[in-house]
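All remarks here apply to the structure that follows.
The values are calculated or read from the model by the stated rules, or taken from the named source; none is laboratory data. This structure is a prediction, so every number in the text was calculated from the model and none was measured. Positions of Cβ are backbone-derived with ideal geometry, glycine not excepted, and every protein chain shown enters the neighbour counts. SASA here: full protein model, heavy atoms, side chains in, ligands and nucleic acids out. Shrake-Rupley method; radii C 1.70, N 1.55, O 1.52, S 1.80 Å.
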Amino acid sequence: MARKLAADTPRVVTANRLVDGVVVYRTAGGIWSPRLHRALVVREQAAVDRLLAVCRGDVTGCEVVDLQVIPVQPDPAAGPRAISQREAIRAAGPTIALPVDRPVPTAAPLF
Amino acid sequence: MYQYDTHDQALVDQRVAQFRDQVDRRLAGELTEDQFKPLRLMNGLYLQLHAYMLRVAIPYGTLSAPQMRVLAHIARRYDRGYGHFTTRQNIQYNWIRLADAPDILADLATVGMHAIQTSGNCIRNVTADPWAGVAADEVEDPRITAEILRQWSTLHPEFSFLPRKFKIAVTGAASDRAAIKVHDIGLRLHRAEDGAIGYEVLVGGGLGRTPVIGKTIRAFVPRQDLLSYLEAILRVYNLHGRRDNIYKARIKILVDALGIDVFRQQVEAEWATVREGALALPDDVVAAIAAHFAPPAHEAGAGSVADAIEAAPDPALARWIRANVAPHKVPGYGIVNVSLKATDQPPGDATASQMDLLADLADRFSLGEIRVTREQNLVLPHVRLADLPALWAALDAAGLGTPNIGLISDIIACPGLDYCALANARSIPLAQALTRRFADMDRAQEVGELHVNISGCINACAHHHVGHIGILGVDRRGEELYQVTLGGRADTDATLGTVVGPAVSAERAVDLIAGFVETYLAIRHPGERFIDTVARVGTAPFKETFHAAA
């Protein structure tokens with residue numbers, strides 16, 4: 001259940017890259033990075049609105065889709081971190097070891 | 001198996017060309033996301049947490065060896081080397097690039113496959129008994145009916161924008177292995193007193209936010225009237241189903257609101273207008289489709305699965321046969337269920353190499369056929385009992401020899417919050433923890449049949465309401481918790497489970513389930529399955545276990 005955020009909650013803008021769906025974050029340099037810790041952190045609503053307005057241009061330009069503003073835990077040294085489990089998983093990938101396509105012994109030939 | 005004719009092939013080829021053009025226009029900025037999204041969903045392409053997810057239809061869960069090889073190829077070339085078999089007998093790929101999607105569909109089309117109607121408010125892939133055509137208790141192969149329904153429902157213009165998605169399941173056997181009572185429409189093939197084939201039709205079943213056991217709307221619909229009767233049901237639903245609230249839009253809500261008797265009257269009235277029309281199924285059309293599913297040429301053989309267990313030279317082989325091989329209707333053959341639930345593996349996942357191997361093993365040992373089950377396992381349906389040792393050795397060497405079909409570690413789990421944009425909680429790590437807790441297969445066989453289903457949200461993709469033990473992931477103020485139900489079942493006596501207590505942490509859920517197993521072992525009657533014990537004593541003893549562990 002989404003909770004109401006305080007007005008000055010640190011936030012970042014995230015989206016998915018159109019061509020491959022990769023999770024990306026808007027950086028201070030105006031590019032989209034797959035690394036959350038590079039994301040630009042904004043606090044005031046006016047700053048969020050300005051950033052979103054810029055990002056919508058990249059939606060129109062077919063660079064990204066599904067813009068979202070998410071709250072983060074700022075860390076001046078390491079960069080912002082996700083607060084919710086969902087966003088932590090979006091940022092870092094599945095929490096499980098993915099199946100590895102190792103070679104398997106082949107079946108004996110038919111003939 | 002059904003072979004595409006020129007019309008089928010033209011349809012999927014045209015769809016590939018259409019979608020390629022749509023993707024090109026989207027990437028070029030000629031289509032907005034709002035314009036494009038319905039088009040990609042019509043081709044099974046979702047945007048999930050990390051990437052696009054492509055859901056590929058496997059009609060009634062039947063695959064040929066060449067089809068399986070193409071699924072392996074897609075996993076290897078376009079994804080990360082694996083795929084996820086689902087509770088609707090489909091396969092999903094989790095790491096797809098939008099730009100690759102048209103090429104994937106083109107590769108699928110080379111073997112008569114596609115992703116049409118695997119999403120959207122239309123009639124979805126029709127599912128069926130995974131033991132179709134080989135089960136000893138079968139009236140008729142349900143894939144004949146499922147294929148007729150596939151042809152009728154594919155791009156059906158009147159039912160392309162229903163109030164909500166629509167799922168149909170078919171069984172041709174006395175034992176329901178297709179979960180027909182929890183589908184929008186469930187069909188049970190049976191014979192009338194005069195020997196004629198027809199259907200008991202159930203309607204309004206479903207899981208998700210509002211779980212409902214389907215009700216019989218007609219005890220017998222003659223085969224020639226099947227399409228007209230289903231058309232009548234869909235028309236009533238299309239007309240009166242709610243479109244104002246997505247959570248109230250499934251047919252189960254309409255049937256409940258009207259009452260089954262009023263709903264039946266409306267369907268009968270509509271049926272009267274279409275019954276004698278073009279939808280009547282001619283015998284020659286049925287026969288032509290049935291010919292595709294004619295039993296393959298089995299070799300003369302003898303012996304039973306029990307004989308194979310007795311003759312097994314290795315106790316591990318005997319244990320695998322006992323758990324994973326079912327009687328075939330032809331003497332000397334067995335139905336081999338291949339577990340995709342190895343300890344610590346995501347339920348339902350198979351790597352590309354495993355898929356290739358299964359295709360080779362199907363060619364060598366199973367007359368080229370493979371099935372996908374609702375339980376997220378695979379089936380080699382035509383295996384000579386004499387070949388079981390060689391087959392088991394090959395499966396086991398590839399991590400596919402886990403002897404746990406129907407046992408506590410044969411867990412059904414959705415992708416959950418590790419992949420899914422809708423999920424509230426993770427499913428796979430909990431399933432893995434349970435498989436580690438119950439990794440002792442001798443112990444699991446002692447416990448016996450016990451179905452655990454884990455859904456990461458109320459949409460219930462893992463059918464948790466009908467698990468003997470059902471687990472629902474919830475988000476409580478940012479914390480992943482799990483609500484446990486007991487006593488659900490999806491078989492002939494389908495029942496919804498009962499909540500046994502407040503939601504608990506994942507760690508506690510594992511301990512609780514271990515406690516439920518101990519309680520069951522302490523109170524079961526000889527030969528009594530877990531589900532039968534719960535039916536006999538209710539949930540009270542298990543609630544005591546729950547509260548004692550609190």
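Within region B:516-543, the set of residues being assigned to a helix (DSSP H, G or I) and either among the aliphatic types (A, V, I, L, M) or loosely packed, with under 13 Cβ neighbours inside 10 Å (or both) comprises B:517, B:518, B:521, B:522, B:523, B:531, B:534, B:535, B:536, B:537, B:540.
Scanning region A:6-28 for residues that are closer than 29 Å to residue B:52 by Cβ and open to solvent by 70 Å² or more (accessible area, probe 1.4 Å) gives A:17, A:28.
With respect to residue B:100, determine if the residue is of a type in the set (D, E, K, R) and either closer than 30 Å to residue B:193 by Cβ or modelled with pLDDT under 95 (or both). No: the conditions fail for residue B:100.
Looking at the structure I just gave you, is residue B:79 among the acidic types (Asp, Glu) and either open to solvent by 30 Å² or more (accessible area, probe 1.4 Å) or touching a Lys or Arg at 6+ places or on another chain (Cβ under 9 Å) (or both)? Even if it seems obvious, please write down each step before you answer.
Numbers: among the acidic types (Asp, Glu): yes; either open to solvent by 30 Å² or more (accessible area, probe 1.4 Å) or touching a Lys or Arg at 6+ places or on another chain (Cβ under 9 Å) (or both): no.
It is false that residue B:79 is among the acidic types (Asp, Glu) and either open to solvent by 30 Å² or more (accessible area, probe 1.4 Å) or touching a Lys or Arg at 6+ places or on another chain (Cβ under 9 Å) (or both).
Rundown of residues vs (1) at pLDDT below 95; (2) outside the structural domain of residue B:484 (by TED's automatic domain parsing); (3) surrounded by fewer than 24 Cβ atoms within 10 Å (Cβ to Cβ); (4) more than 18 Å from the chain's Cα centre (by Cα), yes/no style:
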{"position": "B:350", "(1), (2), (3), (4)": "no, yes, no, no"}
{"position": "B:361", "(1), (2), (3), (4)": "no, yes, no, yes"}
{"position": "B:370", "(1), (2), (3), (4)": "no, yes, no, no"}
{"position": "B:430", "(1), (2), (3), (4)": "no, no, no, yes"}
{"position": "B:447", "(1), (2), (3), (4)": "no, no, yes, yes"}
{"position": "B:456", "(1), (2), (3), (4)": "no, no, no, no"}
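Checked against the criterion of being in contact with a helix residue (DSSP H, G or I) (Cβ under 7 Å, 6 or more places away or on another chain), open to solvent by less than 20 Å² (accessible area, probe 1.4 Å) and touching a residue at least 12 places away in the same chain (Cβ under 8 Å), the candidates B:123, B:180, B:197 yield just one match: B:123.
For region B:475-509, a residue qualifies if it is closer than 28 Å to residue B:165 by Cα and in contact with a Phe, Trp or Tyr (Cβ under 7 Å, 6 or more places away or on another chain), and exactly one does: B:486.
Given region B:176-226, what strands (runs of 3 or more DSSP E) lie entirely inside it while holding 2 or more residues that are at pLDDT below 95?
Numbers: elements: B:185-191, B:197-203, B:215-222.
In region B:176-226, no matching strands (runs of 3 or more DSSP E) lie anywhere.
Of the residues making up region B:458-481, those that are open to solvent by less than 10 Å² (accessible area, probe 1.4 Å) and either in a loop (DSSP other than H, G, I, E, B) or within 14 Å of chain A (Cβ to nearest Cβ) (or both) are B:460, B:462, B:467, B:468, B:473. Go through region B:241-266 and count every residue that is surrounded by 13 or more Cβ atoms within 10 Å (Cβ to Cβ) and over 18 Å from residue B:161 (Cβ atoms). Residues flagged as surrounded by 13 or more Cβ atoms within 10 Å (Cβ to Cβ) and over 18 Å from residue B:161 (Cβ atoms) within region B:241-266 amount to 10. Does region B:330-353 include one or more residues that are facing another protein chain (nearest Cβ under 9 Å) and free of Cβ contacts under 8 Å to residues at least 60 places away in the same chain? No: region B:330-353 contains no residue that is facing another protein chain (nearest Cβ under 9 Å) and free of Cβ contacts under 8 Å to residues at least 60 places away in the same chain.
Every test in (1) open to solvent by less than 10 Å² (accessible area, probe 1.4 Å); (2) more than 21 Å from residue B:435 (Cβ to Cβ) is passed by residue B:513 save one, and that test is (2). In region B:102-126, of all residues being over 16 Å from the mean Cα position of the chain (by Cα) and not in a loop (DSSP other than H, G, I, E, B), the one that is farthest from residue B:227 (Cα to Cα) corresponds to B:103. Which residues, counting only those in region B:388-402, are over 18 Å from residue B:130 (Cβ atoms) and open to solvent by less than 30 Å² (accessible area, probe 1.4 Å)? Result: B:388, B:394, B:398, B:401.
Conditions tested, residue by residue: (1) modelled with pLDDT of 95 or more; (2) surrounded by 16 or more Cβ atoms within 10 Å (Cβ to Cβ); (3) not in a helix (DSSP H, G or I).
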{"residue": "B:3", "(1), (2), (3)": "no, no, yes"}
{"residue": "B:15", "(1), (2), (3)": "yes, yes, no"}
{"residue": "B:23", "(1), (2), (3)": "yes, yes, no"}
{"residue": "B:31", "(1), (2), (3)": "yes, yes, yes"}
{"residue": "B:36", "(1), (2), (3)": "yes, yes, no"}
{"residue": "B:43", "(1), (2), (3)": "yes, yes, yes"}
{"residue": "B:46", "(1), (2), (3)": "yes, yes, yes"}
{"residue": "B:55", "(1), (2), (3)": "yes, yes, yes"}
{"residue": "B:67", "(1), (2), (3)": "yes, yes, no"}
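Evaluated against (1) open to solvent by 10 Å² or more (accessible area, probe 1.4 Å); (2) within 25 Å of residue B:457 (Cβ to Cβ); (3) in contact (Cβ under 8 Å) with a residue 60 or more places away in the chain, residue A:84 falls short on exactly one condition, (3).
Residue under question is residue B:490, and the condition is that it be in contact (Cβ under 8 Å) with a residue 12 or more places away in the chain and buried (at least 24 other Cβ atoms within 10 Å of the Cβ); does it hold? Against the criterion (in contact (Cβ under 8 Å) with a residue 12 or more places away in the chain and buried (at least 24 other Cβ atoms within 10 Å of the Cβ)), residue B:490 qualifies.
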